[in-house]
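The values are calculated or read from the model by the stated rules, or taken from the named source; none is laboratory data. On a predicted model such as this, the values are computed, not experimentally measured, just so you know. Neighbour counts run over all protein chains shown; Cβ positions are idealised from the backbone, glycine included. Each accessible area value is taken on the protein alone, full model and side chains, heavy atoms only, with ligands, DNA and RNA left out. Shrake-Rupley method; radii C 1.70, N 1.55, O 1.52, S 1.80 Å.
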Amino acid sequence: QVQLVESGGGLVQPGGSLRLSCAASGSTGSINAVGWYRQAPGKQRELVSIIREDGVAVHADSVRGRFFISRTNMMKTVYLQMNSLKREDTAVYYCNLRNAFGDYWGQGTQVTVSS
């Protein structure tokens, strides 16, 4: 069983920054990729940023240049540095871990960008 625990969400003004963290525990096995997705009210869950085991990062066009993803060497902790936040970044952010057995999700952390 894999557990993912997120932290770092909250309320921030437009233009501000937040840093999300996700710690994985349990039987993670060989991790193929870790990263973040988000879901805004009334919308489908979408990819934000992921980082693969080879270190290559993939970002949604809407966050490229503003959000930066990093992880520890064993990929059991992943961070998302979010800069220049916009109102449209408001969503529940979910940590994702993918291994040979499938996808695992955290419980989500709320990010609200508002003045």
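Set side by side, the residues Ser49, Ser114 differ, and just one is modelled with pLDDT of 95 or more and touching a helix residue (DSSP H, G or I) at 6+ places or on another chain (Cβ under 7 Å), which is Ser114. Which condition number does Tyr93 fail, the rest of (1) open to solvent by 20 Å² or more (accessible area, probe 1.4 Å); (2) in a strand (DSSP E or B); (3) in contact with a Lys or Arg (Cβ under 8 Å, 6 or more places away or on another chain); (4) of a type outside the set (A, V, I, L, M, F, W, C) being met? If we test Tyr93 against (1) open to solvent by 20 Å² or more (accessible area, probe 1.4 Å); (2) in a strand (DSSP E or B); (3) in contact with a Lys or Arg (Cβ under 8 Å, 6 or more places away or on another chain); (4) of a type outside the set (A, V, I, L, M, F, W, C), just (1) comes out false. Restricted to the range 25-40, and to residues there that are under 17 Å from the mean Cα position of the chain (by Cα), modelled with pLDDT under 95 and open to solvent by 20 Å² or more (accessible area, probe 1.4 Å), the residue that is farthest from Gln107 (Cα to Cα) is Asn32.
The set of residues in the range 84-115 being touching a Ser or Thr at 6+ places or on another chain (Cβ under 8 Å) and of a type in the set (S, T, N, Q) consists of Ser84, Thr90, Asn99, Thr109, Thr112, Ser114. Of the set (1) without any contact (Cβ under 8 Å) to a residue 24 or more places away in the chain; (2) buried (at least 21 other Cβ atoms within 10 Å of the Cβ), all apply to Phe68 but (2). Among all residues of the range 62-75, there is at least one that is β-branched (Val, Ile, Thr) and closer than 22 Å to Thr112 by Cβ. Taken across the range 71-83, residues that are open to solvent by 20 Å² or more (accessible area, probe 1.4 Å) and among the β-branched types (Val, Ile, Thr) do occur, with at least one present. Every test in (1) at positive phi; (2) open to solvent by 60 Å² or more (accessible area, probe 1.4 Å); (3) of a type outside the set (S, T, N, Q) is passed by Arg19 save one, and that test is (1).
Selection of the range 4-43 for residues being within 18 Å of Arg98 (Cα to Cα) and free of Cβ contacts under 8 Å to residues at least 40 places away in the same chain yields Gly26, Ser27.
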